[in-house]
Amino acid sequence: MNTEPFASVFARAIGADAGDAVEKAADGDFQDIFPLMPVGQRVDMGTAPDGTPLIDPRIFFSAEFRRNPWPYYRLMRDHYPVYFNQLNNTYYVTRYDDMTECYFDDIGFNTIPKGSSNGVLGNVTHELSGVEHRRRRNLFGQHLVGKALENRVPAIERLAQEMIDDWSNVDAPWCITNGNVRTIELGQAFADSFPVRVVCDVLGFPSEARGNFVYWYNSIMSGLGASETHKQGMEARQHLEDFVESIVEDRRKNPTYLYDNAGRNIGKDIISKLCESQVDGDYLSTEEITALIALVVAGGGETTRGTLMNMWYSLLQKPDQAEAALADEALWDAVFHETLRHSNPIGGQPRHATFDVQIHGTVVPAGSLIEMVNFSGSHDERIFHDADNFNIFRPDLYTGKLLRSGYRTEGKCSHMAFGVGPHMCPGAWISHQEAVIGSKILSRTMKNPRINRDRMPKDIDGVSLAPIGINKTRELWLDYDLA
Amino acid sequence: MSTEAKQAAKPPAYGAGAPDKDAFTGRNGVPLYTRNGNQNDYRTYEVYQRERVKEATDKIRPIQLISPEFIRNPYPVLEILRENYPFYRDWLGNSFWVTRYDDVTSIFTDDANFETRPKRWFYDIEDLGRDLGQEVALLTAQATRIDANVERIAREIVGGFKAGGGTDLAIEFAARLPLELLACVLDLPKDDFPKFVDRYWRMQRGAMWEPKSRQAGLGAVQELVEYFRPLLAARRANPGDDLISAVAMLDTDGAPATAEDLVITLLEQDHETLHGALANMWFQLLTHPEQLDLVKRERRMVKFAWLETLRHSAPVLTANRFARHEVERFGRLIPIGALLHCSAAAANRDPRQYKDPDRFIVGRKDLCQREPRGQYRADGLPAGVAFGLGKPSKHPAVPEDRPRSLYAITRDTATTASNVLLDVVPEVRLKPGATPALRSLRLGEMHTCWNLPVVF
């Protein structure tokens, strides 16, 4: 006869302690469960009997994951190439080859509008698939590539130079001159507003709309998806639509033009072009044009800002690479691409399985949300040697002209920051121009630039600089010599 | 499809060593990955309405739905959803929340458009065995043994409480009774009870997102299969009236039931409602002494206390449904595969159905007072939604060839046991100074009282 009291039998059976861990994690960062680890090491989340490390899905909400994601992505690539996160009802595809295949299969992995941006941005192009997506994308995509883009380069150069020239005249907390050394905060001094100005210029908005633009941009970004500022985003979207409507009605009658540095007319601007574009023999509605513009507004600012900041932050932490890039402007392309590979500002793209599909033995039911983790693809050691290390001279990264087909030849591969295939970021080419032109002009202005370590946030050891992780560099204090 | 198109539609080679696609059938019986060879035929036909400012969901942050406060007390957050966003899109959890009574019950009874994914799907052991839970022989064995033994077991348990002393009613009564009953239904050897409790609970708790519990649960499933294999063989040779014998004697389509089938059947059964609602009922009665007095004065009110508990403090808070195909509900287009959280907790406190819904009122007049039959309503009154008990019967009366439904069996079990408790220790009351509360151990688990100290 057993004599053990029922209470102790039952306590053991339900594992009473396991439940308490959730209660203790009262802060949103789950630091009680997932302590901050040295960069490159991961929290032990347990092991299956066959030795496979386990993943606790709460890790994705944790502060630890945001600053130190790479060991966890490696764990997923090695052991769970298709990982089902039951807590978020989402599948993650983490290997470079798998996500490439999925990206090119626009039918099996569709983008039909179930996305979180649907509410704020409207019925946007990137949430269409197949032939409908191709038609609409080409309507505005053509203005952001090739000859059309070349036509905009003088304006981008002019905007960058204007902003940097202003530094000598400003009296602001982000620009401190002390003898021969000037200290600036790169975000406030340049990166925060430069991409916004470029987008405003590209869209041909009147200059008085620039103030509104920041409001639209900030509200729409903060209203995307899972946030309490959803309403603010919707209001901004409505406001943008009202504004665009008035512009569109005007441009339909009085188109506006772009001019080069010599003042020559080089064609209509984007909105004027969209006003005369047709789909299925019918002009685009104001609603459709607004959705396209909202996408450019939302996509053209924060991403390029983050890229610029991450570029300078990563580069200046590698003195020999920084020295080389500052001596040879041709290397800025490599800095741009290596930054996007190593710490790109956009994490991934959602897809939905159109059919039941099996990948690496995991059956993904039709309709499931599958997140293509671009972060992880760019760090896949099956593709990039020593992938967690920032190295602008790495021989296995393709740094040439951006290709929608991706690049994978003779041991060189393109990174995953823009995705690949039919939905590859339409702003990739213009953001490349912005970041590289902006950086070149910055490097001409700043002599011997270096990070002001005293003003920068530190990592958990209190000494080394905070890692970027999947965050973006929020502020970057630089010192440089004036002469 | 033309021959040409058939040739073009070759399955893609995802991953190494994947099984033959032609031989593989998806969960819904749909062949895996058949696709049209001509991509230009494909159009995104879905028309999604743009959201307007007034449709913004700014009164809630989705992180609230997984917060520790929600795990302790989900009702305030669910009220925000029910009264403002009755069909809420939770971007963080990639799901929808259904919170009004009529909406929840309409989804829950709509098998044509929404499917359940069983616990074994979350365990990824769908091929292990069959769920025989709906076999009449099993239902009969279960009902017979419960009815024959519930009073005896309750008297054994309650008889162990020392008169004048005290006990923890949540563990020693509410948690213990269902497990003793289950052991009796299976007719397990007495000495095996502690080991069985351990494995059974590990198995039940593991079918969720927490990876260590899941591993422990998978281990428990295997241990239970090994444990039941010899028992099943013995009962096949020498059958009794218990559940294992019923499984052993089952002969469906020439395939005799296996130990795996038995374990899967146990896994898919409800393990929460009797335990959780019994604890919650006594929690409510002990913290509302005037209601307890009412029940003591009129024992027929015990049944109504049980029904009101299932409504007011349902232990199973939500049930998940997945859209089988794209379908329009509540003015929105629900995409195929979408996850719907149907919230019993929110529906059961819907002021459109119940007056003063947050109050625990034994014998309330706006609650259906018998086993709900047909879409959750009988006698023109709504019944408390209790997901663990499955759907109410469609039949207007109990069919002759079937035992009573789980609703009725569970209700009678709880009533009988509670009456025994009141007989043996009529002066039961909360231990002075105790502050019991309801909570879930983890997100998504049953919401019940885990500590209810009483004195007699």
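Quick note: the coordinates plus some simple rules give every number you see, no bench work behind them. Remember, predicted model here, so these are calculated numbers, not experimental data. Because the Cβ atoms are built from the backbone with ideal geometry, glycine has one as well, and the counts that use them run over all protein chains shown.
General remarks:
- Mean Kyte hydropathy of -1.0 or more with a Cα span along the axis of at least 30 Å, helices from DSSP in chain B: B:136-159, B:211-237
- Each Lys and Arg adds +1 at its Cβ and each Asp and Glu adds -1 at its Cβ; summed about the Cα centre, the range B:136-455 shows a dipole of about 940 debye.
- Selection of GluC sites (Glu not before Pro), the range B:307-355, meeting DSSP coil and at most 16 other Cβ within 10 Å: B:GLU326
- Unit charges at the beta carbon, dipole of chain A: most positive-side option, A:GLY15, A:PHE393, A:LEU295: A:PHE393
- Taking a straight Cα-Cα cut-off under 28 Å and skipping sequence neighbours fewer than 8 places away in the same chain, the lysines within cross-link reach of B:LYS431 are A:LYS24, B:LYS162, B:LYS296, B:LYS303.
- Electrostatic dipole magnitude of the protein assembly as shown [Cβ: Lys, Arg +1; Asp, Glu -1; Cα centre; debye, to 20]: 1020 debye
- Residues whose placed amide H lies under 5 Å from that of B:THR448, excluding near-sequence neighbours: B:ARG439, B:SER440
- For the range A:270-291 and the range A:189-257, distance of Cα centres in Å: 17 Å
- Take the Cα of A:GLU150, step 7 Å toward its Cβ, do the same at A:ASP388, and the gap between the two points is 4.4 nm.
- Contact order relative to length of chain B, as percent, for alpha carbon pairs under 8 angstrom and 6 or more apart: 21 percent
- Electrostatic tally near A:LYS231: other residues with Cβ closer than 10 Å to its Cβ, Lys and Arg +1, Asp and Glu -1, net -2.
- Ranking B:LEU430, A:MET416, A:LEU54 by how far each Cα lies toward the positive end of the dipole of the protein assembly as shown (charges on Cβ) leaves B:LEU430 at the top.
- Ascending count of other beta-carbon atoms within 10 Å, so fewest first, for A:SER376, B:SER95: B:SER95, A:SER376
- Computed from point charges on the beta carbon alone (+1 for Lys and Arg, -1 for Asp and Glu), the dipole magnitude for chain A about its Cα centre is near 900 Debye.
- Residues B:ASP356 and A:ASP461, FRET efficiency given R0 of 45 Å [Cβ-Cβ distance, rounded to 0.05]: 0.20
- Only helical runs count toward this figure. For the protein assembly as shown, summing -39,500 (n - 2.57) over DSSP H runs of n ≥ 4 and dividing by all residues gives -12500 deg cm²/dmol at 222 nm.
- Here each label is just a point 7 Å from Cα along the line to Cβ, and for A:LYS253 and B:ASP423 those points are 9.2 nm apart.
- Contact order, relative form, for chain A: 20 percent (alpha carbon pairs under 8 Å, 6 or more residues apart, mean separation divided by residue count).
- Relative to the longest principal axis of the Cα atoms of chain A, the long axis of helix A:302-316 makes an angle of roughly 80 degrees.
- Listed peptides A:75-81, B:260-266, A:448-454, B:275-281 by packing density, highest first (mean Cβ within 10 Å): B:275-281, B:260-266, A:75-81, A:448-454
- Links that overshoot a 22 Å alpha carbon limit, given the list A:LYS253/B:LYS54; B:LYS119/B:LYS212; A:LYS147/A:LYS273; A:LYS401/A:LYS440; B:LYS59/B:LYS355: A:LYS253/B:LYS54; B:LYS59/B:LYS355
- Listing B:HIS395, A:HIS432 from fewest to most neighbouring C-beta atoms within 10 Å gives B:HIS395, A:HIS432.
- FRET efficiency, B:LYS54 to B:ASP111 (Cβ-Cβ, R0 41 Å, nearest 0.05): 0.75
- Distance (nanometres) between label positions extended 7 Å along Cα→Cβ at B:ASP241 and A:VAL279: 7.1 nm
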